[in-house]
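Below is one structure, written out as structure tokens; the observations come after it.
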Amino acid sequence: MSGETLPELRIPVTRKLIVGGAIATRDYQDVHHDAVAAKERGSPDIFMNILTTNGLVGRYVAECLGPGTQVWAVKIRLGVPQYPDDELVFTGEFTPGDDGTGQVSVVGRNRLGAHVTGTVTVVLAEEARE
Amino acid sequence: MSQDDDALHERLKAYEGKSAGEGGRGPDPVNDPMIRHWCEALGHPAPPDGSAPATMLQVWTMAGYNGPTGRSENYLEMFRLLDEAGCTSIVATDCEQEYLRPLRPGDELVYDSVIETVSPRKTTKLGSGHFITTRMELRVGDETVGTHRFRVFKYAPAKARKSSEEAATKAKRPRPVVNRDNAGFWEGVADRKLLFQRCDGCRTARFPWLPGCNSCGSQEWTAEEASGDGTVYSYVVMHHPPFPAFDPPYAVGLIELAEGVRMICNVVGVPYDKVRIGMPVRLEFAEVEDDLVLPVFRAEEAV
């Protein structure tokens, strides 16, 4: 069975989201909240931490396939950094497997290119199975 | 790779398979307030069964405000070696997680991690260093509830990159590729003339320069000088990626000449975001570098 294209999710990436995501994931590395420190480390600005990116991949899957979807595995690779004042646009494709399982291939792009590329293995909630 | 790099990699490889931290314990049990805060910040829908979102897994292992603790002596030693070799910066590159069962409030996580692999010296855009992969196994009591493989790049930062402006002033524009099919065009440009071809067989005008006519196939043609009047037939604005010698954003126009042929050219005399389809433009020649003259089109009306 071929994949089903999932709707696009556009997430405005504000400074608030990057800092809020870092703190909600208990990541206090200065490059995720302190622009001055980030510059000293050679980055033009603060950037999103991988735990937030991973969580947003989870959010994309939950929004597309329903909040009752069980996530069994996530594999992500980071590409370009995610700086503030940009948009992170998720696109994906769902390939159903047996017994309500499936794989989502997902890409999150910003204006610099692909920020995250990955695959998510899921089990759909009973009511979401066709 | 230098001998020093090899020697360092040998020393780093010795850490493969060694513990990166044993008997780690989550600072807090899985709990509703942290789940709620995480869902709120990330805009994540709350799981209807009250469990923690799966992709929150690593959060339960984070030490928080005062930074990591509980890392093994091996791990710290390996990082010291890398720091001493100038690889002082770190960035996460990959994360692979498996969730064997949903985590619920009250679950108390313990975890061990192992240094899986240390790559040979690699050079990326960020700098030169080593990829380190660790694998963590998370348990509640004796039950394995998840695994977490994490790759970081520990590197010596490349020299601060020049700003794009600096790069643009230094780098030269690409030179035209002149061959026998288009030499006549570039000779015209050198004389400040914009020449197109007209087929001797069917009188069709053509541009860019080609040996034969697209309409009738004739290889006979005559060069004609364009009057220099044109309109913007279409355009794009280049924002990204930046190329050396070009300073984005800038407008690239597809100009239709009064004689009917179209050419791709810079539009000048108007901000990049004020270029419009149908805008009348007029040919001029710009000396963009000491030895490079190019035709450009200037917007005719003040905008």
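No value in this document is a laboratory result; all are computed from the given coordinates. Keep in mind the model is a prediction, meaning the values are calculated, not measured. FYI the Cβ positions are ideal-geometry reconstructions off the backbone, even for glycines, and counts take in every protein chain you see.
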### Query
Between A:60, A:107, A:13, whose Cα lies farthest towards the positive end of the dipole of the range A:4-128 when Lys and Arg beta carbons carry +1 and Asp and Glu beta carbons carry -1, centred on the Cα centre?
A:13
#### Entry: Cα coordinate range in chain A, projected on the principal axes (Å, largest first)
52, 27, 20
### Message
With N set to the number of residues, divide the alpha-carbon radius of gyration of the range B:164-299 by 2.2 N^0.38 Å and report two decimals.
### Response
1.12
### Task
Place a +1 charge on the Cβ of each Lys and Arg in the range B:190-268 and a -1 charge on the Cβ of each Asp and Glu, then give the dipole magnitude about the Cα centre in debye, rounded to the nearest 20.
120 debye
#### Entry: Debye intensity ratio in log₁₀ form over the Cα atoms of the protein assembly as shown, taken at each q of 0.09 Å⁻¹
-0.75
### Computed over chain B: relative contact order in percent, which uses C-alpha pairs under 8 Å that are six or more apart
13 percent
#### Entry: FRET E, pair residue B:203, residue A:112, Förster distance 51 Å, beta-carbon r, rounded to 0.05
0.55
### Query
Going by alpha carbons, how many degrees (0 to 90, nearest 10) lie between the helix axis of A:50-65 and the longest principal axis of chain A?
30 degrees
#### Entry: Theoretical FRET efficiency, 1/(1+(r/R0)^6), r = Cβ-Cβ of residue B:233 and residue A:80, R0 25 Å, to 0.05
0.15
## Note on the structure
The summed charge of the residue A:47 Cβ neighbourhood (under 13 Å; Lys/Arg +1, Asp/Glu -1) stands at -3
### Message
Using DSSP to call loops (not H, G, I, E or B), can you name the GluC sites (Glu not before Pro) in the range B:220-303 whose Cβ has at most 15 other Cβ atoms within 10 angstrom?
### Response
B:220, B:300, B:301
### Query
In the range B:3-157, how does Rg compare with the Kirkwood Rh, expressed as the Rg/Rh ratio over alpha carbon atoms?
1.02
### Amide H contacts of residue A:114 (H built 1.01 Å from N, under 5 Å, at least 5 apart or other chain)
A:80
### Message
Residue by residue through the range A:12-28, what is 3J(HN,Hα) from phi via Karplus (6.51 cos²θ - 1.76 cosθ + 1.60, θ = phi - 60°)? Round to whole Hz and write x for glycine and proline.
### Response
x, 9, 9, 4, 4, 5, 5, 6, x, x, 4, 6, 5, 9, 6, 10, 9
### Query
Local charge sum around residue A:21 (other residues, Cβ-Cβ under 13 Å, Lys/Arg +1, Asp/Glu -1)?
+2
#### Entry: Virtual spin-label span in nm between residue B:4 and residue A:39, 7 Å along Cα→Cβ
3.1 nm
### Selected from B:171, B:214, B:31, residue furthest toward positive end of dipole (chain B; charges at beta carbon)
B:214
### Query
Nearest 0.05, what FRET efficiency do residue B:76 and residue B:16 give at R0 = 25 Å with Cβ-Cβ as r?
0.95
